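S.K.: Have a look at this one before I ask anything.
Derivation of every value follows stated rules applied to the coordinates shown; laboratory data play no part. The structure presented is a predicted model; accordingly, all values stated were derived computationally and were not measured. Here the Cβ positions follow ideal geometry from the backbone for every residue, glycine too, while neighbour counts run over all protein chains shown.
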Amino acid sequence: MEDADKNAVERTRRILRERARLLSLPIEEARPLAEEEWVVFSLGAGRYGIELPSVREVLPLPELVPVPHTPAWVAGVMSYRGRVLSVVDLAEFLALPGIPAASRGNAGAAGRRLLVLELPEMLFGVLVDHLEGVVSSETALAPSPLSADAEGRSGFILGIAPGGIAVLDVPALAHHPRFQVSG
């Protein structure tokens, strides 16, 4: 195994040990919810959710046009109902371990989907590995022990839903300074 592979494996192990330690801490508070629905998907080995009202549409992975001189997490752009839609590789943006960008591919990757997300001031797409479906629950979201970390992903997780689903805060993600790409 090459040194780079060994380093990646060790980094992944450290991250997983820290997550296990944080998840074993007692829950101090929970965010109450009425009946809440999330679109649930996987990125690598993790399960994530996005609140259903933020998801405008789910599409098969389309052919994307690369955009030169943008960060690696900008997967490209596509035509979406007469508009240019920017598409983000969510795993790359979140710097998730164990998911090399080169293996993420483009159109035709089995199981991959595009979630078109809509905020009042913004429309964009995110790539996900596998769509599980819509999950609903009346259970409160547990606070996430991972809501702030050294990788700068502070505030992207609203909380943990039943089943270990990390529910992402789409407005926090979209308004993060790293997310704003300008020419």
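S.K.: Read phi for every residue in the stretch 163-168 and hand back ³J(HN,Hα) as whole Hz from Karplus 6.51 cos²θ - 1.76 cosθ + 1.60, θ = phi - 60°, with x for Gly and Pro.
M.R.: Result, rounded to whole Hz: x, x, 7, 7, 8, 7.
S.K.: Among 48, 80, what is the fewest-to-most ranking by other Cβ atoms within 10 Å?
M.R.: Going from least to most buried by this count: 80, 48.
S.K.: For residue 6 and residue 132, FRET efficiency with R0 = 30 Å and r from the beta-carbon atoms, rounded to 0.05?
M.R.: Efficiency, from the Cβ-Cβ distance: 0.40.
S.K.: Net charge around residue 123, counting only other residues with Cβ within less than 13 Å of its Cβ (Lys, Arg = +1; Asp, Glu = -1)?
M.R.: Local net charge: 0.
S.K.: Using a Förster distance of 25 angstrom, determine the FRET efficiency expected from the C-beta separation of residue 172 and residue 20, and round it to 0.05.
M.R.: With R0 = 25 Å, the Cβ-Cβ based efficiency is 0.50.
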